[in-house]
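All remarks here apply to the structure that follows.
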Amino acid sequence: MKWLRSILGVTLGTWLLVGLGYPLVMTGISQVLFPYQANGSPVKLGNRIVASLHVGQYYHQPQYFWGRPSATTPPYNPYASTPSNLGPTNKLLLEHVKSRIKTLQRSIPGLRVSQIPISLVESSGSGLDPDISVQSALIQIPRVSRATGLSRGFLTRLIDQHVSGPQFGVIGRSRINVMELNLAVYKALHPHA
Amino acid sequence: MSIQTIITWVVVFAVFALTIKPLGTYIVQVFTFQPTFLDRVLGPLENGIFRLVGVDRDSTMSVKTYIMALLLTNMAWALGAYILLRIQGALPFNPQHFPDVNPLLAFNTAASFTTNTNWQAYAGGSTMSYFSQFAVLSYLQFVTPATGGAAAIAFLRMVSGKKIGNFFVDLTLMVTRLLLPLAIIVTLILVGQGVPETLAPYLHLHSIAGQAQTVPRGPIASFEAIEHLGQNGGGFTNANSANPLENPTAFSNIVEVISMGLLPVAFFYAFGVITGHKKTAWTFVGVAAVFFVGMLALIYFPEAAGNPIINALGLHTHANMVGKELRFGLGGTSIFETSTMSFTTGSVASAHDSYLPLSSLSFFLGMFLNMIFGGKGVGLLNLLMFVIITVFLMGLMVGRTPEFLGKKIETKEVTLASIAFLIHPLLILVGSAIAVSSPAGLQGIFNPGPQGLSEIIYGFSSAAANNGSAFAGLGAALPFYELAIGIVVIIGRYGSIVAMLFVGESLLNKRSVPESSGTMRTDTFLFGGILWGAIMILNALTFFPIMALGPIAEHYLMMAHHLF
């Protein structure tokens with residue numbers, strides 16, 4: 001009986017403190033201090049929520065910049081985040097990479113394999129990677145330009161504006177948030193949206 | 001190697017170097033009941049819990065009672081977690097209306113979270129209600145590392161000649177004095193970086209390209225904080241810390257890395273403070289640090305060089321990016337994976353199954369050794385187990401009575417330490433052997449070739465080391481693995497803890513031998529080198545054959561551009 005009391009006592013005591021109190025209080029504090037981030041960093045176009053800032057989206061139309069390959073079903077499904085888990089000698093890995101290279105080359109005439117960054121043809125860890133490298137964006141300019149009628153010079157400037165350097169200038173790497181870049185393209189095409 | 005990679009690594013090492021002494025000293029102050037700055041705030045709270053339990057702060061138990069209390073309490077949690085998961089559908093905070101968890105998965109999850117393994121045979125974002133996430137899983141991520149920490153504290157008290165203490169008191173103080181204050185700080189940093197912390201339902205949205213997305217939200221930041229501070233590793237969503245919702249920036253990545261290492265590293269120093277053998281403690285830190293840096297290099301350089309099969313295509317860049325996220329950089333990704341395998345956290349910021357074979361070897365090293373700082377306190381116990389075996393081997397070689405901390409190491413201690421050592425390979429090798437010789441086990445393989453064997457070995461190593469990460473191609477949701485892994489995590493967790501507590505008791509009851517010129521010193525560079533060598537040799541003898549069939553075979557086949 002003494003055992004039962006001790007075990008129930010320590011469990012109940014710590015549970016009230018860190019099982020209930022901690023998450024609920026932290027939620028309360030976060031909602032006050034960081035209401036935007038705490039609610040999933042929603043990105044709005046007018047009144048409509050069109051994205052969650054850090055979560056990648058699926059763009060496969062010619063008028064948008066494409067993100068990295070995603071292994072989720074369907075692609076970029078945040079509800080079922082997953083990597084491909086393909087091992088280094090799995091022949092599916094090589095097949096996937098080759099077919100992605102082909103797709104890119106078909107959509108961007110004149111694109112050489114040696115211009116394509118490996119990250120644009122290998123799938124990410126979450127299937128939700130929001131970013132691509134600067135080179136990955138630059139090589140897509142011809143396609144986006146042709147599909148939208150926006151000039152190559154304008155798109156190059158747009159990319160420049162959307163490069164985020166390493167965080168605090170020193171950690172991580174330079175990259176471009178694909179959704180933000182595409183939102184800028186969308187706004188250029190729909191000035192009154 | 002980019003300047004960003006170097007800075008990322010330097011920041012992480014610098015934080016560990018700066019915190020090891022103050023945090024290690026603080027741990028000893030808390031558990032020897034000296035006054036600390038948090039007394040005024042937390043004292044009354046703790047007294048409330050002690051009244052519920054019916055103990056005094058300075059009460060003590062016998063070793064057997066301490067072990068009983070630890071095991072019974074853990075059993076109660078596992079049972080409670082099992083029941084709550086089974087009736088999840090009827091409980092509050094379930095805006096997505098997830099149904100009850102099925103029996104086998106509930107068993108696997110309860111066992112895995114109670115043992116600090118946090119192996120996940122389910123996808124969090126589409127299985128668990130908010131209540132299950134925070135009131136069951138996040139709760140266990142507090143109390144199970146606290147259990148491991150308490151066992152280590154009990155051991156340290158005994159080897160420094162003190163009474164063992166009271167399990168319920170130690171458990172409570174682990175939660176209130178170490179984990180909770182740090183978790184509050186880490187949660188707020190993570191929310192600031194963009195990790196959600198809300199009770200609102202998942203976000204439904206339509207992108208400008210017309211894609212419908214359901215973005216999971218919930219109390220993710222508070223979950224992430226304790227997931228890493230307690231070396232737990234159970235993710236809120238399936239992709240774990242690769243998911244931008246759990247790890248949105250390069251900085252959040254560094255914060256999670258540091259969170260994993262703070263306490264395990266500090267425990268090494270706490271050992272020195274409480275026993276009065278600080279130089280020995282630094283020797284141990286050195287041995288573990290050499291392993292850590294070695295692992296980091298063994299992960300970074302193969303990945304930077306990339307997969308020769310893919311690189312033959314002649315793309316613009318060469319690093320292996322399969323299963324990796326762009327924002328952390330290769331430097332940030334590799335120190336995250338080194339940390340999660342050293343500190344036995346088991347969270348991942350990339351897909352381990354897609355790493356190159358030499359990097360995989362590094363993952364295996366972390367799980368086999370299980371003492372490269374290891375889980376908070378538990379890693380220290382594993383190291384001390386190797387120390388006892390090493391001291392014994394040295395004694396045999398030079399013909400002297402082995403001693404450690406002024407106590408003779410005799411048959412009983414060596415036997416117990418050997419048992420603690422052997423449980424680990426036994427679980428891994430026998431478990432893998434059963435899996436590869438049964439259709440039910442083979443069914444779980446995802447990648448063909450040697451990588452498939454590695455997936456199985458990884459699964460059992462992760463379970464036995466209470467790590468929890470996976471070569472996630474493996475079909476962990478198959479009944480065979482739910483059951484087998486569930487059993488292995490339990491034996492792996494409690495077998496060595498119990499054996500080491502008996503070692504502690506046996507040392508406590510021995511007379512101290514005064515130091516003389518004949519004493520073998522354990523605080524020298526020489527001893528550090530021998531300890532490092534002994535750990536390597538013992539593990540190589542145990543695991544080399546199976547590694548030759550897995551990652552090493554895979555490496556040579558990959559170099560020959562062989563596909564499966």
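The values are calculated or read from the model by the stated rules, or taken from the named source; none is laboratory data. Just so it is clear, the structure is predicted and the values come from calculations on it, not from any experiment. Neighbour counts run over all protein chains shown; Cβ positions are idealised from the backbone, glycine included.
Report every pair of residues separated by at least 6 positions or lying on different chains whose Cβ atoms are under 9 Å apart, first residue within segment B:210-226 and at the interface with chain A (Cβ under 7 Å from one of its Cβ atoms) and free of Cβ contacts under 8 Å to residues at least 12 places away in the same chain, second assigned to a loop (DSSP other than H, G, I, E, B) and polar (S, T, N, Q).
These pairs meet every condition: B:GLN211/A:GLN57; B:GLN213/A:GLN57; B:GLN213/A:ASN77; B:GLN213/B:SER207.
Within the bounds of segment B:438-446, is there any residue that is in contact (Cβ under 8 Å) with a residue 24 or more places away in the chain, within 24 Å of B:LEU356 (Cβ to Cβ), within 11 Å of chain A (Cβ to nearest Cβ) and surrounded by fewer than 23 Cβ atoms within 10 Å (Cβ to Cβ)?
yes
Which one of these is touching a strand residue (DSSP E or B) at 6+ places or on another chain (Cβ under 6 Å), buried (at least 24 other Cβ atoms within 10 Å of the Cβ) and farther than 22 Å from B:SER462 by Cβ: B:PHE134, B:PHE167?
Of B:PHE134, B:PHE167, the one residue that is touching a strand residue (DSSP E or B) at 6+ places or on another chain (Cβ under 6 Å), buried (at least 24 other Cβ atoms within 10 Å of the Cβ) and farther than 22 Å from B:SER462 by Cβ is B:PHE134.
Closer than 28 Å to B:PHE373 by Cα, within 14 Å of chain A (Cβ to nearest Cβ) and touching a residue at least 60 places away in the same chain (Cβ under 8 Å), is that true of B:ALA463?
In short, no.
Looking at segment B:192-205, which of its residues are facing chain A (nearest Cβ under 7 Å) and more than 24 Å from B:PHE98 (Cβ to Cβ)?
Matches in segment B:192-205: B:GLY192, B:GLY194.
Give me a count of the residues in segment B:296-331 that are more than 9 Å from chain A (Cβ to nearest Cβ) and in contact with a Gly (Cβ under 6 Å, 6 or more places away or on another chain).
Residues in segment B:296-331 being more than 9 Å from chain A (Cβ to nearest Cβ) and in contact with a Gly (Cβ under 6 Å, 6 or more places away or on another chain): 0 in total.
Within segment B:100-135, how many residues turn out to be more than 19 Å from the chain's Cα centre (by Cα), under 21 Å from B:LEU229 (Cβ atoms) and part of a helix (DSSP H, G or I)?
6
For segment A:137-161, how many residues are crowded, with 17+ Cβ neighbours inside 10 Å and touching a residue at least 40 places away in the same chain (Cβ under 8 Å)?
Of the residues in segment A:137-161, 5 are crowded, with 17+ Cβ neighbours inside 10 Å and touching a residue at least 40 places away in the same chain (Cβ under 8 Å).
Here is a list of conditions, (1) touching a residue at least 12 places away in the same chain (Cβ under 8 Å); (2) part of a helix (DSSP H, G or I); (3) of a type in the set (D, E, K, R), and B:ARG51 meets all of them except one; can you say which number that is?
B:ARG51 satisfies every listed condition except (1).
Being part of a loop (DSSP other than H, G, I, E, B) and not acidic (Asp, Glu) is the filter here; which residues of segment A:109-122 pass it?
A:PRO109, A:GLY110, A:LEU111, A:ARG112, A:ILE116, A:PRO117, A:VAL121
If B:LYS278 passes every condition in (1) more than 14 Å from chain A (Cβ to nearest Cβ); (2) in contact with a helix residue (DSSP H, G or I) (Cβ under 6 Å, 6 or more places away or on another chain); (3) in contact (Cβ under 8 Å) with a residue 24 or more places away in the chain but one, which one does it miss?
Of everything listed in (1) more than 14 Å from chain A (Cβ to nearest Cβ); (2) in contact with a helix residue (DSSP H, G or I) (Cβ under 6 Å, 6 or more places away or on another chain); (3) in contact (Cβ under 8 Å) with a residue 24 or more places away in the chain, B:LYS278 misses just condition (3).
Based on what the data block shows, is B:ASN232 surrounded by 24 or more Cβ atoms within 10 Å (Cβ to Cβ) and more than 9 Å from chain A (Cβ to nearest Cβ)?
yes
B:GLU505 - would you say it is surrounded by fewer than 24 Cβ atoms within 10 Å (Cβ to Cβ), at pLDDT below 95, acidic (Asp, Glu) and within 26 Å of the chain's Cα centre (by Cα)?
yes
Can you tell which of B:GLY149, B:GLY192 is in contact with a Lys or Arg (Cβ under 8 Å, 6 or more places away or on another chain) and in a helix (DSSP H, G or I)?
B:GLY149
So that you can scan it fast, the table gives a plain yes or no per residue for (1) within 26 Å of B:GLY550 (Cβ to Cβ); (2) crowded, with 24+ Cβ neighbours inside 10 Å; (3) in contact with a Phe, Trp or Tyr (Cβ under 8 Å, 6 or more places away or on another chain):
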| position | (1), (2), (3) |
| --- | --- |
| B:LEU313 | no, no, no |
| B:ALA319 | yes, no, no |
| B:GLY332 | no, yes, no |
| B:SER342 | yes, yes, yes |
| B:LEU365 | yes, no, yes |
| B:GLY375 | yes, yes, yes |
| B:LEU380 | no, yes, yes |
| B:GLY395 | no, no, no |
| B:ARG400 | no, no, no |
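Contact list please: Cβ distance under 8 Å, first residue in segment B:400-423 and closer than 19 Å to B:THR522 by Cα, second residue part of a loop (DSSP other than H, G, I, E, B) and acidic (Asp, Glu), pairs at least six apart or on different chains.
The qualifying pairs are B:GLY406/B:GLU515.
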